[in-house]
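The values are calculated or read from the model by the stated rules, or taken from the named source; none is laboratory data. Not measured: the values here are computed from a predicted model. Note that we place each Cβ from the backbone using ideal geometry, even for glycine, and neighbour counts take in every protein chain shown.
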């Protein structure tokens, strides 16, 4: 056993840890957890913990169901919400087959594969997500519109605000788990919050997002509230996005920075953006994976619906933020389509793969969009060569079905399951009769 494993085994004794939760993520992005006693951990590090993969969405067919969860000791953390007394810890796992080879169904492995492919070309991929979500007064009930915890707006500071107490406790817990928070504030919608995580390599960030969603829900429940990462819970209020700043580093050097270039953006950075734009329709099914995701994208405002980039243009799909003098290391691009209900492992993997295609094949960056893209009419957008993103999950699926990039990046197993699952979601949604239809049509038809 290595140093990291020894550190974990020592920490178990020193911190009086009685339970260790082993976490992993299914293909849809839902967190799975199995608890083991500390005595079992040495064996888990060496051989993994066996489980029935066919019982997990998209993991295995019945005849190949045996799988192993192998804890990653670098992700060991005490869970701060378990209170006083004996502690509970968690570690993320890599999923393996009985022969020890990585499972192709494991989203964490999909991202690791994409990262090692970029590493072969000398690049490390960093991401920094701005995560928006809503806080509601109660647990959601079927057929009842949820009530936000406040009526505040963007950056509002309100006395005795539920939101600020909540954010303070959530951030304290995140920091206790080694997750650095950069900013937090009230967002534009009533009860809507934003918490931004600090830059980290993409694998750590994806693990941090899974932890973040769990911490936020736990804190909300402890304060008698409900937190939701649903992309568009209300028709008339802003949706929740997860604007993600990305950059590539070559060793200690930011590969997106070039002093004196337009916007200080290097050729590598321009090609990376060009890759994202060219493959945008294909990767949308992963960055916006739910029927509801497209209600946010057609909502106008700061949610992009068109494939374009701009310097500091918040209506564009990809934004190049203002350059800070003497801060070359902070050169980055911001992807604004992605929402907080995605599977972060798969979303980061396809974003990286699309950007890398741009670099490998030397894609040309189209001209930037200087206007508010929402305010242009269809003819003006066409004249500028600005194409729309998929407007529904169905459209996104249709494009994804013909995508070599996705098949290659996700691997055949995840690609096939993901699309089958999304087709089923669309078919179920398509058959639903909505409140809008009844309100509109019962009185007149």
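Quick grid of which residues meet (1) assigned to a loop (DSSP other than H, G, I, E, B); (2) over 23 Å from the mean Cα position of the chain (by Cα); (3) not assigned by TED's automatic domain parsing to the domain that holds residue 341:
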{"position": "10", "(1), (2), (3)": "no, yes, yes"}
{"position": "13", "(1), (2), (3)": "no, yes, yes"}
{"position": "19", "(1), (2), (3)": "no, yes, yes"}
{"position": "24", "(1), (2), (3)": "no, no, yes"}
{"position": "29", "(1), (2), (3)": "yes, no, yes"}
{"position": "32", "(1), (2), (3)": "no, no, yes"}
{"position": "45", "(1), (2), (3)": "no, yes, yes"}
{"position": "59", "(1), (2), (3)": "yes, no, yes"}
Residues of the stretch 401-429 being touching a residue at least 24 places away in the same chain (Cβ under 8 Å), over 18 Å from residue 58 (Cα atoms) and assigned to a helix (DSSP H, G or I), in sequence order, are 405, 429
Taking the stretch 244-276 and keeping residues surrounded by fewer than 22 Cβ atoms within 10 Å (Cβ to Cβ) and under 22 Å from the mean Cα position of the chain (by Cα) leaves 245, 249
Those residues of the stretch 376-400 which are touching a residue at least 40 places away in the same chain (Cβ under 8 Å), in a helix (DSSP H, G or I) and either in contact with a strand residue (DSSP E or B) (Cβ under 8 Å, 6 or more places away or on another chain) or surrounded by fewer than 15 Cβ atoms within 10 Å (Cβ to Cβ) (or both) amount to 381
Note: among 231, 238, just one is in a loop (DSSP other than H, G, I, E, B), in the same structural domain as residue 118 (by TED's automatic domain parsing), in contact with a helix residue (DSSP H, G or I) (Cβ under 9 Å, 6 or more places away or on another chain) and at pLDDT 95 or above, namely 231
* Verdict on residue 131 being assigned to a helix (DSSP H, G or I) and either assigned by TED's automatic domain parsing to the domain that holds residue 235 or at pLDDT below 90 (or both) -> no
When the stretch 183-221 is checked residue by residue, the ones that are farther than 18 Å from residue 92 by Cα, at pLDDT 90 or above and assigned to a strand (DSSP E or B) are 192, 193, 194, 195, 196, 197
